[in-house]
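The values are calculated or read from the model by the stated rules, or taken from the named source; none is laboratory data. Please read all numbers here as calculations on a predicted model, not as lab measurements. Backbone-built Cβ (ideal geometry, glycine too); neighbour counts: all protein chains shown. SASA here: full protein model, heavy atoms, side chains in, ligands and nucleic acids out. Shrake-Rupley method; radii C 1.70, N 1.55, O 1.52, S 1.80 Å.
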Amino acid sequence: MEINGLTQDELQELSDIEGYGKWLKIERFYPETRYIPEAGKHKTGVIAIPPRKQPPVSPLRRLYMITAADGKKLLMKTDDISHFDREGEIAEFADRAFGEHGVYVSYPVEVGPYADETRVYSIYIFFGGDNLARQLPTLYVPQQHELGIEAGKQLKKFHMITPIGNATPRKPKEDIFLLLTKLEEKGVKYPGFKEAASFMKKRFDIADKRPVNALHGDFSANTLFIDKGLNVGMFPLEDPYWGDPIKDLISLQDSYSLPFMKGVLKGMFDGAPPSDFFELLAYYCTERALSDIDAASTEEEKAIAIIRAGKMAADLDNYQTVIPGWY
């Protein structure tokens, strides 16, 4: 077996996995970093917004690319055994997305414990290509729009997955009044904050009784790829959960391409979004923006979160409208 970039300790642990001896090649896999556009290097306008801080990754998490005996490319994720249940959940989301609805996403082969049950591994059939967010600025507006439509269709199919049993949203609904109180006590101020607070207070129950379906968890062009046939697919899932499908569009602005973003909505809704869509999207986006300010652990993180919240308020004309300026 050809081995690239692994230590002897890693190999010793991985040899506990059934099928290890049949692999032709194994190497450490380092996914491409998220794309952030440079000013002035685009064929179309973009949303100029600083990147949101990404959730922390487990220090024991590793990714490997495997070449199987039949020549297929496999992606293997490993982590501490405490992540066993969550890796099983992620694999089930991917399996149902690919198997039941034909979503173009890497699907699982197996999940199991290894290294005397101190670690967990999950192996996926790997689909991949170029980071779509990185490729969009090189394309003309109609191409960006068409790729957005295709991405929206893929997301729509993903949302067709419904819970089996009593699945519930990943976390309880945010107490908006408590959140706003905390921000006021911290002295948070930015153009549009008072209007955002008023908007949220008036709609504190707008998300009640919303549908619960499978969510991608971090949907944007930065978590999608474009293959050699110009097909759009999803990189291996990282954080799927159950919730209101509209929540999956909170991260859409991190695609940076306006034509792509408009195309996603067209593909997802077979045309124009429903009448209540933008009000709900504004609510969910504002909820996360305010939560990010509250959760910031450093002054730098807080400053970025406030910039993002302020730009959102400006895009909604300080909440005089729920339809964002980019649309």
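For the reader, a short list of remarks on this structure follows.
- Remark: region 217-228, residue by residue, has Karplus-estimated 3J(HN,Hα) of x, 7, 7, 6, 4, 6, 10, 10, 10, 10, 8, 5 Hz, where x stands for each Gly or Pro and the curve is 6.51 cos²θ - 1.76 cosθ + 1.60 at θ = phi - 60°.
- Entry comment: accessible area of region 74-133 is 40 Å² per residue, from protein heavy atoms only and a probe of 1.4 Å.
- Using a cutoff of 8 angstrom between alpha carbon atoms and counting only pairs six or more residues apart, the relative contact order for region 254-327 works out to 28 percent.
- In region 58-111, Cα pairs under 8 Å separated by at least six residues give a relative contact order of 24 percent.
- Computed over the chain, the per-residue total of -39500 (n - 2.57) for DSSP H runs of n ≥ 4 gives a 222 nm mean residue ellipticity of -11000 deg cm²/dmol, rounded to 500.
- Computed extension gain for residue 321 through residue 269, at 0.36 nm per residue and net of the alpha carbon distance, reaches 16.6 nm.
- Couplings for region 79-92, taken from phi via the Karplus curve 6.51 cos²θ - 1.76 cosθ + 1.60 with θ = phi - 60°, read 6, 4, 4, 5, 9, 4, 4, 5, 5, x, 5, 4, 4, 5 Hz in order; Gly and Pro are left as x.
- Annotation for residue 307 and residue 12: the two label points, set 7 Å from Cα along the Cα-Cβ direction, are 4.6 nm apart.
- Most fluctuating residue given options 252, 280, 230, as computed from a GNM of the chain linking Cα atoms under 10 Å: 230
- Loop-located GluC sites (Glu not before Pro) across region 2-31 with a Cβ neighbour count of 13 or fewer within 10 Å are 18, with loop assigned by DSSP.
- Solution diffusion estimate, µm²/s, Stokes-Einstein, the chain, Kirkwood Rh from C-alpha pairs, 10 °C, viscosity 1.306 mPa s: 74 µm²/s
- In this entry, region 55-167 is assigned a mean projected area of 9.7 nm², taken as a quarter of its C-alpha convex hull surface.
- Relative contact order %, the chain, counting alpha carbon pairs below 8 Å whose residues are six or more apart: 20 percent
- Region 197-223 and region 230-280 have Cα centres separated by 12 Å.
- Region 1-41: trypsin sites (Lys or Arg not before Pro) in DSSP coil with no more than 12 other Cβ atoms inside 10 Å: 41
- Per-residue HN-Hα couplings for region 129-140 [Karplus 6.51, -1.76, 1.60; θ = phi - 60°; Hz; x = Gly/Pro]: x, 7, 3, 5, 4, 6, 7, 4, x, 8, 9, 6
- Measuring only protein heavy atoms, the 1.4 Å probe finds residue 104 accessible over about 60 Å².
- Against the criterion of solvent-accessible heavy-atom surface with a 1.4 angstrom probe, 70, 239 sort, most first, into 70, 239.
- Note on region 195-277: Kirkwood hydrodynamic radius from all Cα pairs is 14.6 Å, rounded to one decimal.
- Total charge dipole magnitude, the chain, about the Cα centre, Cβ charges on Lys, Arg, Asp, Glu only, Debye to nearest 20: 1120 debye
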